[in-house]
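Right, one structure below, let's go through it.
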Amino acid sequence: MLLAGFCSPTRRLRALWVQDGGAVSVDAVLWLPVFIFLFALLADASLILGDQARVLRVVQDTNRAISIGRIRTSEDAEQYIRDQISDLSPNADVETVIDDAGVIHSTVVLPMSDMTATGMVNAFKDLSVTVTAQHMAEN
C-alpha cells in the first residue's frame with residue numbers, strides 16, 4: 001500500500017529529466033561567467049599565498065645557512081635564493097644584507113603576475129609580493 005503523495009525516487013528523477021522548461025538553462029548561462037571569474041580569483045589567490053609561504057621558507061633557510069657558515073657571502077645567498085625560486089618567479093628581485101651587528105636581512109620581491117595560473121584577474125598584474133626575513137648570525 002502506497003502512502004498518499006509518495007512516489008519512488010526513480011519516478012521523481014524521471015519527472016525532473018522530462019521537464020525542459022529552459023528556465024534553469026538561462027539562469028545557468030547568466031551566472032556561469034560570474035562563477036568562472038570567482039573560481040579564477042580563488043585559484044590565483046590560493047597560488048599566490050602558497051608561493052609566498054614557499055619563498056618565505058627558502059629565505060629563512062638561506063638566512064640560517066648564512067648564520068651557520070654554509071653560505072659565506074650575501075651574493076652567494078642571493079644566487080641561492082634565485083636558484084630555489086627560479087621556477088616560481090624568474091623576475092624576482094633578491095637582496096641580502098649582513099649588517100655590522102651580525103643580523104642577516106633578506107628581501108625578495110616577486111611580481112604577482114608570475115605567480116598566477118589563470119591571469120584572468122587584472123588586479124594582480126601590477127602588484128608584487130614582498131617576502132622578508134631576518135636572522136642573527138651564530139658566530
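Taken together, the values in this text are just the output of simple stated rules run on the coordinates, not laboratory data. Since the structure is predicted, the reported quantities are computational estimates derived from the model, not experimental observations. All Cβ positions, glycine included, derive from the backbone under ideal geometry; neighbour counts span all protein chains shown.
Placing unit charges on the Cβ atoms of the charged side chains and taking the dipole of the chain about its Cα centre, the candidate lying farthest along the positive direction among PHE37, ILE66, THR10 is THR10.
Okay, helix-only estimate at 222 nm for the chain: each DSSP H run of n ≥ 4 adds -39500 (n - 2.57), divide by all residues, round to 500 deg cm²/dmol; what do you get? Please report the intermediate quantities before stating the final value.
Numbers: 3 runs with 67 residues, N = 139.
Value at 222 nm, helices only, nearest 500: -17000 deg cm²/dmol.
Counting every other Cβ atom within 10 Å of each residue's Cβ, MET115, MET120 order from fewest to most as MET120, MET115. Taking the C-alpha atoms only, the angle from helix 9-18 to the longest principal axis of the chain is near 90 degrees. Taking segment 49-78 and a reference point 7 angstrom along Cα→Cβ of ASP100, the backbone N atoms nearer than 20 Å belong to 74.
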